[in-house]
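Undergrad: Next up is a structure, given as structure tokens.
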Amino acid sequence: MMSRRMACRVTAVLLAVAAAVPVGTATAAPGPPPPAGGRALTGPASPATAGRTTVGRTTVGRTTVACAAGRGPYQRQVERWLRLAVDGRQSAVDCEAVRAFQTRQGIKPANGYAGPVTWARMRLLSARTAPTDTGTEGASGDAAGPATGAVPDPASGSAAGPASGAATGGASGPAAGVVASGGCPVRSYRVACVDLKRQLTWVQKGGKTLFGPVAMRSGGAGHRTRTGWFRIYWKHKNHWSSLYNAPMPYAQFFSGGQAFHAVHGSIHTTGGSMGCVNLRLADARKLWSVLKTRDHVYVWGRRPGS
């Protein structure tokens, strides 16, 4: 048997070993995840450089965001909108100007990349004061005739194709018969305007804008949103698509299965919808309260890339 003295010594040794071993180990905190697009973020900035902008790099809080090196898909459009030299190539000057705009508008990551979200925001800002004025973008020039299922132009009595710039006449009111430069006819009643080229939608009555303009997403390649005159024929607030097994909140149908409705994800994607006019939830909710059954819808142009 172990003597009492030996047992005491063993116990003392074990206690000493336990006191020397730390409870748990400290690990370095993981760095911030890379932003969308795979551009890595550097580590924390020193207090001396916090808030300081350098060439090709800016410090936001404690994280330094590297400037996007490559040109974005909307490089020329963004350069033109910001009144920069339009050459379609990303430069340090371009990046700083784009990044300043992104920061002011709350676009993240603010890395100077001329992508779809930045360009959509610029189009929206331009259209807020005069949605029917396309400025340097111009009309879409879609040469296709009226879509199958399009209703006749209520002012002219004939099916209306994409905007041609010709006045149609026949409607009452001070703005009767005027086709705005942006392609949406001005009428004395509500018209939901769907500009496929600029990916904007709004509602106007006479010379007054009742809703929007807001950003949207229309049908992509193989699933184009039909063009022409239509009418809202069915409204279903909590619609569920049996075809795509997906929710369609605040659905307002105007052409077969094509409708205005909300989506929960981003509407700024390279590909389009399956033909519907997708809106942000808040925008779809507001549009629901503006449009009524049998209101007119006018769709024209063509989504870029479709």
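Undergrad: Take the Cα coordinates of segment 216-278, assign each an equal point scatterer, and use the Debye formula without solvent to give log10 I(q)/I(0) at q = 0.14 Å⁻¹.
TA: Taking Cα atoms of segment 216-278 as identical point scatterers yields -0.36.
Undergrad: Quick check on my link table: of Lys235/Lys286; Lys205/Lys286; Lys237/Lys292; Lys108/Lys208; Lys108/Lys237; Lys197/Lys237, which ones sit more than 24 Å apart, alpha carbon to alpha carbon?
TA: Violating the 24 Å Cα-Cα cut-off are Lys108/Lys208; Lys108/Lys237; Lys197/Lys237.
Undergrad: Counting only heavy atoms of the protein chains, get the accessible area per residue of segment 227-306 (1.4 Å probe) and round it to a whole Å² value.
TA: Accessible area per residue: 46 Å².
Undergrad: Looking at segment 255-296, I'd like the Rg to Rh ratio, where Rg is from alpha-carbon atoms and Rh is Kirkwood's inverse mean 1/r.
TA: 0.99
Undergrad: With the full set of protein chains in place, find how many percent of the accessible area of segment 184-233 is carbon and sulfur; take the probe as 1.4 Å.
TA: Its accessible area is 48 percent carbon and sulfur atoms.
The values are calculated or read from the model by the stated rules, or taken from the named source; none is laboratory data. Every value quoted in this text rests on a predicted model; they were computed, and no experiment measured them. What goes into the accessible areas is simple: the full protein's heavy atoms, side chains included, and nothing from ligands, DNA or RNA. Shrake-Rupley method; radii C 1.70, N 1.55, O 1.52, S 1.80 Å.
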